[in-house]
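Engineer: Provided herewith is a single structure, encoded as structure tokens, for subsequent inquiry.
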Amino acid sequence: MGLWSFYFLGKLFLYLWGALRFHFFLNLLFIVFLVLPVPKMLPLHHVLKTGKLVLSFVFGFLLLWYDSYFPPLIYTIGTFQQIGIPEKEYIYRFIINALNPIAIVILIIILALSIYLNKRIKLTPVVVILVLLVPLYELTQKKEGLTEYLNAFHQSESKRAVSFEQPIIKGHDFDILILHICSLSWDDLRTVGQENHPFFREFDILFTNFNSVSSYTNPSAIRLLRANCGQHKHEAIYQDAPKKCFMLENLRSLDYQTHTAIDNDAPAYRFIEDIMNYGRASAPMSLKGIPVQQYDFDKTPIYNDLLILEKWWEMRQKSDAEHVVLYFDITTLHGGSHWAQEKDWWKRDRPTLYKEFLLNLFANLRKFFQQLESSGRNFVIVFIPEHGMALRGTSIQAPDLRDIPLPQITNIPVGIKLIGPGYHDTPRQEIIDKPASYLALAQILASFLKKPPFSTGGIPIKPYVEDLPETKFVAENQEALIVKRDSEYYLYGKEKTWSKLPASAVR
């Protein structure tokens, strides 16, 4: 096989490292293709030999992609056709951040040894023996019963729902603000040293083990807007559902006027269409007159989030609605975003730039909260990220990639803050550390609606968070699904089989 031995030895190393999978049968079949000679007596021998060489590179690339944790190649190509090619600066920075120096050094050593040994011994038998050991190694990984576990989970979730009811006590109306933040997880916060930022101490309720389920914007938004029902399969969120599942629809039935705002307008993502069609959100307010604060990785403008909130607040003060709910999607932390006037942003350390955006977001929101506090009105503010940014990356997925919904990406900080007369003196923050997801959030809102937490004497928050529904960890995108069983994580990916994730992928 010549230097093709390095191809397999390098892949075996990456497989043991945890950066690749190794599909035994296909790799063995490729070895057979490589070692079979082209008979010299055949007509056009040299042409056939050249053709085999070309096919070897094509098959080798396709097999390497298939063994990787990347989504299917056709799906990836389709994604780029839909959203376009990112800026060259983003691509450059992504490649630099994706490279692992230790792995590269080890691969270079394996290459050097392959060249050296190839001149002295036949490496093909060694490669074949090592490949044949892969099935024995796979037998040590327990993967039985995962499909049944997942089916039982979805069956259980299909029976769970939360109802919004008219309040028992009238006279304590409150507005609801849902701030949906793109690209923020507990792992991202730890990476930039901001997991204990004072901003999080402002919330009366803080979830520390909340699963966003998806690691992409659109499905995360749809899941949030369908929070009143248990966790659906990915494909089901793009299908119709009972009215009881839709948060905004249920609030409308309680005479809430619904508002929507976004800080960007990227038609390629069909975000507006998706939240309106599958989440029953209202059309977003106009961004006219709002200055551009940042640009996204694809040059999409991102508008100033504080000024959007202030514009909404001005509209709200002129409205005669008794109570309203605002759903606001904020994308200022998104991977590849950069300040509007900064040309060489791609040369900067990404965590440093991300931290700037994060602190700016916290400052803007705290300033807006103060404006609300001075108004004399009652508010329930829900701070909930869509998903994490994957700022750190793992052995199976480079920084900025979110195709596989790893727990580092979907474990998000969710806070609920109450603002209103009589509620300022509530001293205790309730920490929810049990595994939870959108249904727990819906139950808290349902409790607030039934018995509003605003009064001149103040009401303890603890009764509102007792007996919240727990949700086992299942996270999924279109092409990848992760299940946590006991303390282990398992991936059901493009090859439609279960594989146990290495510890290096989920730490």
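The values are calculated or read from the model by the stated rules, or taken from the named source; none is laboratory data. All values reported here derive from a predicted model rather than from experimental measurement. Cβ placement follows ideal geometry from the backbone for every residue including glycine, while neighbour counts extend to all protein chains displayed. When the accessible area is computed, the model is the full protein with side chains, heavy atoms only, and any ligands, DNA or RNA have been set aside. Shrake-Rupley method; radii C 1.70, N 1.55, O 1.52, S 1.80 Å.
Engineer: Per-residue HN-Hα couplings for the range 245-258, Karplus 6.51 cos²θ - 1.76 cosθ + 1.60 at θ = phi - 60°, whole Hz, x for Gly and Pro?
Structural biologist: Result, ordered by residue: 7, 8, 4, 5, 4, 5, 5, 4, 5, 9, 6, 7, 8, 9 Hz.
Engineer: Just flag the trypsin sites (Lys or Arg not before Pro) in the range 375-447 sitting in loop per DSSP whose Cβ has no more than 10 other Cβ atoms within 10 Å.
Structural biologist: Arg428
Engineer: Leaving out same-chain residues fewer than 8 places away, which aspartates and glutamates sit with a Cα under 16 Å from that of Lys434?
Structural biologist: Filter leaves Glu466, Asp467, Glu470, Asp486.
Engineer: Give me D for the range 260-307 in µm² s⁻¹, whole number, from Stokes-Einstein with Rh from the Kirkwood sum over alpha-carbon pairs, 25 °C and 0.890 mPa s.
Structural biologist: 214
Engineer: Moving on to the next point. Roughly how many percent of the accessible protein surface of the range 154-313 is carbon and sulfur, given a 1.4 Å probe and a whole-percent answer? If you can, show how the numbers build up before the last one.
Structural biologist: On the way: 3090 of 6240 Å².
Carbon and sulfur: 50 percent of the exposed surface of the range 154-313.
Engineer: Could you tell me the accessible area of Asp265 in Å² (1.4 Å probe, neighbours in place), rounded to the nearest ten?
Structural biologist: Asp265 has an accessible surface of roughly 90 Å² with all protein chains in place.
Engineer: Still on this model: Would you work out what percent of the accessible area of the range 1-117, with all protein chains in place, is carbon or sulfur (probe 1.4 Å)?
Structural biologist: 81
Engineer: Name every cysteine in the chain that ends up alone, with no second cysteine's Cβ under 4.7 Å, or say none.
Structural biologist: Cysteines of the chain left without a disulfide-compatible partner: Cys182.
Engineer: Also, quick follow-up: Compute log10 of I(q)/I(0) for the range 256-410 with the Debye formula, placing one identical point scatterer on every Cα and leaving out solvent, at q = 0.19, 0.20 Å⁻¹, to two decimals.
Structural biologist: Cα-only, vacuum Debye calculation for the range 256-410: -1.37, -1.46.
Engineer: Now a separate question. So how strong a dipole does the range 345-447 carry about its Cα centre when Lys and Arg Cβ are +1 and Asp and Glu Cβ are -1, to the nearest 20 debye?
Structural biologist: Rounded to the nearest 20 debye, it is 240 debye.
Engineer: Apply 1/(1 + (r/R0)^6) to the Cβ-Cβ distance of Val105 and Leu44, taking R0 = 35 Å, and write down the FRET efficiency to the nearest 0.05.
Structural biologist: For R0 = 35 Å, the calculated efficiency reads 0.20.
Engineer: Nothing charged except the Cβ atoms of Lys and Arg (+1) and of Asp and Glu (-1): what's the magnitude of the dipole of the chain about its Cα centre? Round to the nearest 20 debye.
Structural biologist: 1720
Engineer: Roughly how many Å² is the accessible area per residue of the chain, as a whole number, for a 1.4 Å probe?
Structural biologist: Accessible area per residue: 46 Å².
Engineer: Taking Cα Rg over 2.2 N^0.38 Å straight from the coordinates, which label in (i) 0.92; (ii) 1.12; (iii) 1.04 is the correct one?
Structural biologist: (ii)
Engineer: Quick one: dipole size for the range 250-371, taken about the Cα centre, charges +1 on Lys/Arg Cβ and -1 on Asp/Glu Cβ, in debye to the nearest 20.
Structural biologist: Details: 15 positive and 17 negative charges, 44 e Å.
Dipole magnitude for the range 250-371 comes out near 220 debye.
Engineer: Given the Cα-Cα distance of Val32 and Lys450 and 0.36 nm per residue of separation, how much length would full extension add, in nm?
Structural biologist: 143.6 nm
Engineer: Which GluC sites (Glu not before Pro) in the range 322-360 sit in a loop by DSSP (not H, G, I, E or B) and have at most 15 other Cβ atoms within 10 Å of their own Cβ?
Structural biologist: Loop-located and lightly packed - Glu322, Glu342.
Engineer: Taking only complete DSSP H runs, can you tell me which helices of the chain stretch 24 Å or more along their own long axis by Cα positions and average at least 1.6 on the Kyte-Doolittle scale?
Structural biologist: The answer, listed by residue number, is 101-118.
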